[in-house]
Each structure stands twice: as structure tokens, then as C-alpha cells.
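Enquirer: I'd like to ask some things about the structure below.
Each reported figure results from applying straightforward, stated rules to the coordinates on display, with no laboratory input. Just so you know, these numbers come straight off a predicted model, no measurement behind them. Every residue, glycine as well, gets a Cβ built from its backbone with ideal geometry; the counts of neighbours run over all protein chains shown.
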Amino acid sequence: MPKRDFLALTDLSAKEIVSVLDLAAKMKAGRYRGTPLKGKTLAMIFAKSSTRTRVSFEVGAHQLGGQAIFLSSRDIQLGRGEPAQDTARVLSRYVHGIMVRTYAHDEAAVLAEHSTVPVINGLTDLLHPCQVLADLMTVREAFGTWKGKVVAWVGDGNNMANTWLQAAGLLGFTLRIAVPEGYEPNRQIFEWAQARAPVSIYEDPEEAVPGAQVVSTDVWASMGQEGEAEIRALAFRGYVVDSDLMKLAAPNAIFLHCLPAHRGEEVAPEVIDGPQSRVWDQAENRLHVQKAVMATLIGGSAGRRVGGSSARGKGKNRRQRSKRTP
């Protein structure tokens, strides 16, 4: 059976997302005893360091009966200039799956193209599909469904915003993104999602959040953007998710953050540590959704590979006032 990769949320259909989340829920509830990774090894390539990605994949592989090998850029020749395609060809002879957490999405795409084993995107600068799967699981736990719900994203139009756009396009819920000029999400992904779901972009968070059942954010300067921290702090001033902003959301709204969080910057302490926060459930759910993904792709139950996602575009963004197109 042809191998299947998971580089973008759009590598799954809406029905397959539900199936993965159903399996993840079964695993979380302790109703799954399978060991589909028995005798199998996951190679974990980390160009970017991580707490949640490393621990959840490593623990998950172990719980499924397999093992995971941590490979930093200092441990393999990829970090010394070896082409990604050569690394993919070699690792394919040793392991049964590859997880990659890196900067350029193209690097993950090249690994997948030249690998004969499944490649899973643990994060790139363009997309973070495993995290949004965990977010969707958290939303479903809180409300039973995402259908008819409004999700508000406040802050940078980064890999998380791009992947939320893919989720909205696949599943049909309403997504409102509040982002300052120059920090809009990927144009191609936005246009793809806009053709399929009620997604919109606002300049003012107070226009995006009213009535939302889910309010989510991320740090203002991601890994690799540390040199932009001061400029971004000025650009994102006014995009803090605090108690006043949460009061505009639905009374039963939940707050999400993919972590790590900077209290007092993108989120106020009383929000992330308050009763509406589902951040710790969200973090735990990384383990369960990734186990479900590994069981499906590496454990032998995957179907044919879903071809090219809409995640390759890198178009420049442009500003419009208030509700606008990136």
C-alpha cells in the first residue's frame, strides 16, 4: 500500500479528521490497547527545539509499542549541509516513519518526496497541523462539535493561523482572524479557505472576538524571529487577549494557546490561568492526536496518500481596512 504523509491538515479529508480524532479520544479514554508500532522506529528530526513535540511523540511512540530516535541538527548531516533528499533516502532504509520539526516548509516537503516511509510535520514556519488537530480535539471536548461555532484567532498570521484556515476550509466553521498590517496569514491558504468557509480577517481584535466560542493566540515572535521581537511588540500592542477582550466572546467561550506562552504579552495571566483556559487539555491532546496519526500512517492502516496540499504558496500579503483580505 502506498505510503502516506501528513504535512498539512489538507492531507486529510474532513471525514478522516473525524476518524483520527475519534481514535485519539479512544486512546485518551484508555479504550485502546493496540501496539501498531511494535518493532517499529520513528526518527524525529529537530531543527527547532521543543518541549511538547518531542515528549509527546517520544512517549506516544513508546505507548504504541515502538521507539523514537531524537535527531537534532547537531546529530545528523542534514545540519551540516547534506541535502534533505539524501537524508530522506538513508533514513527510509532504517526507520518506519519520520517526524520533522523545522523552519522551511519546503524542507519537510522534500523529505516527504524522497522518503519511502511516512513523514509527519511536527511544525514548519508555514504550518502546524498536529497542533491544530489537538486544538480541534479540545474544541470538540468542550462543545461536542465545531459545527456552527466561531473561532477567533488574535495575533500573528503565522503557521497556526494558516492551519486554522485549513481547518475552517475543511470543516466549515466560522474563523475570524485579527492581525495587524503586514502580519496577515498566507494569501494562497486564505483564498483557498475563503472559497470553502466563512473566514475573514480584521484589523481590530474587538471586531473578531464578539460571540466567539473559541479564542486562540500564540507568541508574537516565534522561533527564528527573535531579532524582530521589539518591532513585533510594537506592531502587536493592542492584541493582548485579556479579560476585557474575553468578555466580548460567548459566555461559555474557551481560551487556547499552543504554548509556550508569554504572560503579560500576548495573553494576560488571568486568562491563561483562569477558568476559561483549556490550554493544559490542549497540550495533553497533542499526545493523543499524534498517537492516532502514527497508528494510522505508520501502524499499517493508512490508505492511499492524499496528494498536494494547498500549503505551498508564499504570496505576499496586503492590507485592507477592518475586515479584509490578506
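Enquirer: Here are several values of semi-axes √(5λ) of the Cα gyration tensor in Å: (1) 39, 24, 17; (2) 57, 22, 16; (3) 31, 22, 18. Which one was derived from the coordinates shown?
Expert: (3)
Enquirer: Quick check for the chain: number of Lys pairs with alpha-carbon distance under 16 Å, counting only pairs 8 or more apart or on different chains?
Expert: Lysine pairs meeting the criterion: 6.
Enquirer: Mind jotting down a quarter of the surface of the convex hull over the alpha carbons of the range 129-281, in square nanometres, one decimal?
Expert: 8.0
Enquirer: Where nothing but the Cβ of Lys and Arg (+1) and of Asp and Glu (-1) is charged, how large is the charge dipole of the range 129-281 around its Cα centre, in debye to the nearest 20?
Expert: 700
Enquirer: How much mean residue ellipticity at 222 nm does the chain get from its helices, if each DSSP H run of length 4 or more adds -39500 (n - 2.57) and you divide by all residues, to the nearest 500 deg cm²/dmol?
Expert: Computed ellipticity for the chain at 222 nm equals -11000 deg cm²/dmol.
Enquirer: Would you tally the net charge around Val95, using a Cβ to Cβ cut-off of less than 13 Å, leaving Val95 out, and scoring K and R as +1, D and E as -1?
Expert: Charge balance in the 13 Å sphere: +4.
Enquirer: Under 13 Å from the Cβ of Leu42, count the other residues' Cβ atoms, weight Lys and Arg +1, Asp and Glu -1, and hand me the total.
Expert: +4
Enquirer: Here's a follow-up. Would you tally the net charge around Leu78, using a Cβ to Cβ cut-off of less than 10 Å, leaving Leu78 out, and scoring K and R as +1, D and E as -1?
Expert: Neighbourhood net charge equals -3.
Enquirer: Let me ask you something else. Relative to the longest principal axis of the C-alpha atoms of the chain, give the angle of the C-alpha long axis of helix 105-114, reported between 0 and 90° and rounded to the nearest 10°.
Expert: Between helix and principal axis, roughly 20 degrees.
Enquirer: For the chain, give the share of DSSP beta bridges that are antiparallel, in percent and rounded to the nearest 5; count only bridges with both residues there.
Expert: For the chain, the DSSP antiparallel bridge percentage is about 5.
Enquirer: For the range 191-268, what does the alpha-carbon gyration tensor say about shape, rounded, prolate or oblate, given a ≥ b ≥ c as the root eigenvalues, a/c under 1.5 as rounded, and a/b over b/c as prolate?
Expert: Judged from the Cα gyration tensor, the range 191-268 comes out oblate (a/c at least 1.5, b/c at or above a/b).
Enquirer: What dipole magnitude, in Debye to the nearest 20, does the chain give about its Cα centre under +1 on Lys/Arg Cβ and -1 on Asp/Glu Cβ?
Expert: The calculated dipole for the chain is roughly 1320 debye.
Enquirer: If you fit an axis through the alpha-carbon atoms of helix 279-297 and take the longest principal axis of the Cα set of the chain, what angle between them do you get, 0 to 90°, nearest 10?
Expert: Once rounded, one gets 40 degrees.
Enquirer: Now a separate question. Just want the answer: with Cβ charges of +1 for Lys and Arg and -1 for Asp and Glu, which residue in Pro210, Trp146, Gly66 is farthest toward the dipole's positive end in the chain?
Expert: In the chain, that residue is Gly66.
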